[in-house]
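Notes follow once the structure below has been shown.
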Amino acid sequence: MGAAAQRAEAENEEWAGVTPDAARRLVGAAVAAFAERGYHATTTRDIAGRAGMSPAALYIHYKTKEELLYRISGIGHEKALRIMGAAAEAEGSATERLADAVRTFARWHAEHHTTARVIQYELQALGADHYAQVTDLRRRTDRLLRGIIQDGADSGEFRVDDVPGTTLAVLSLCVDVARWFSADGPRTPDEVGALYADLVLRMVGARATPASAAEEPAPATDKTG
């Protein structure tokens with residue numbers, strides 16, 4: 001499957017829960033427009049045009065441009081919460097759970113980098129009520145990751161003096177993937193996830209790096225002797 005086809009498949013999966021089809025098309029068009037032009041420079045006419053619809057048709061599904069941004073932000077932040085929740089509730093050591101959380105979180109920000117840029121960097125454009133709801137999702141995600149890191153610090157697996165500060169650093173590292181990642185770049189989302197999992201385990205001073213976090217190349221065999 002080519003890169004373009006993979007991106008289209010990922011986008012379809014991302015918005016699969018948005019119905020009907022017209023509402024889903026508008027969400028996809030809004031993400032593309034917000035990412036390209038910014039929220040404030042994008043008009044409802046821009047979004048409707050990208051979706052192949054009239055501006056009047058947009059208002060059937062979304063009353064305002066801000067409502068579209070809220071829908072996009074809610075879906076993205078709920079996904080982040082599920083990623084952290086699955087890692088926090090999994091069996092295994094804190095090291096294994098942290099590696100899984102970071103690998104999956106960073107990979108999602110790479111694979112869905114366009115959406116991730118919108119939900120992370122257009123947050124302030126939300127209205128007060130919607131902003132409060134989305135920031136609550138962010139706080140819950142933060143608490144789950146902080147719990148994993150605290151578990152590692154308490155068990156002696158991690159050497160961390162400032163758990164809240166380390167949590168913020170890890171989240172910031174993963175979120176920033178959306179800013180620089182390109183589907184045409186040298187790394188795949190899976191490779192980014194593996195690299196970041198390894199980097200974070202080194203950051204927290206984990207005693208041992210799980211084999212799944214980053215595969216080390218086999219040492220070269222000297223055949224000259």
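The values are calculated or read from the model by the stated rules, or taken from the named source; none is laboratory data. Since the model is a prediction, treat every value here as computed from it, not as a measurement. Quick reminder, even Gly has a Cβ in these numbers, built from the backbone with ideal geometry, and neighbours come from all protein chains shown. All accessible areas refer to the heavy atoms of the entire protein, side chains included, with ligands and DNA or RNA removed. Shrake-Rupley method; radii C 1.70, N 1.55, O 1.52, S 1.80 Å.
Below, the figures for the structure above:
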item: Matching entry among 107, 139 (being open to solvent by 20 Å² or more (accessible area, probe 1.4 Å), free of Cβ contacts under 8 Å to residues at least 24 places away in the same chain, farther than 19 Å from residue 32 by Cβ and part of a helix (DSSP H, G or I)); result: 139
item: Residues satisfying the stated conditions in the range 142-173, i.e. open to solvent by 30 Å² or more (accessible area, probe 1.4 Å) and in contact with a Phe, Trp or Tyr (Cβ under 7 Å, 6 or more places away or on another chain); result: 173
item: Where a residue in the range 190-208 is without any contact (Cβ under 8 Å) to a residue 40 or more places away in the chain and surrounded by 15 or more Cβ atoms within 10 Å (Cβ to Cβ) and its partner, wherever it lies, is basic (Lys, Arg) and not in a helix (DSSP H, G or I), with Cβ under 6 Å and at least six apart; result: none
item: Any hit, the range 69-78, residues being open to solvent by less than 20 Å² (accessible area, probe 1.4 Å), over 15 Å from the mean Cα position of the chain (by Cα) and more than 24 Å from residue 199 (Cα to Cα); result: yes
item: Set 152, 147, 185, 165: member being more than 13 Å from residue 104 (Cα to Cα), in contact with a Leu (Cβ under 7 Å, 6 or more places away or on another chain) and in the same structural domain as residue 108 (by the TED database); result: 152
item: Verdict on residue 114 being at pLDDT below 95, part of a helix (DSSP H, G or I) and surrounded by 17 or more Cβ atoms within 10 Å (Cβ to Cβ); result: yes
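Conditions tested, residue by residue: (1) crowded, with 20+ Cβ neighbours inside 10 Å; (2) in the same structural domain as residue 199 (by the TED database); (3) in a helix (DSSP H, G or I); (4) in contact (Cβ under 8 Å) with a residue 40 or more places away in the chain.
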| residue | (1), (2), (3), (4) |
| --- | --- |
| 28 | yes, no, yes, no |
| 39 | yes, no, no, yes |
| 46 | no, no, yes, no |
| 49 | no, no, yes, no |
| 53 | no, no, no, no |
| 86 | no, yes, yes, no |
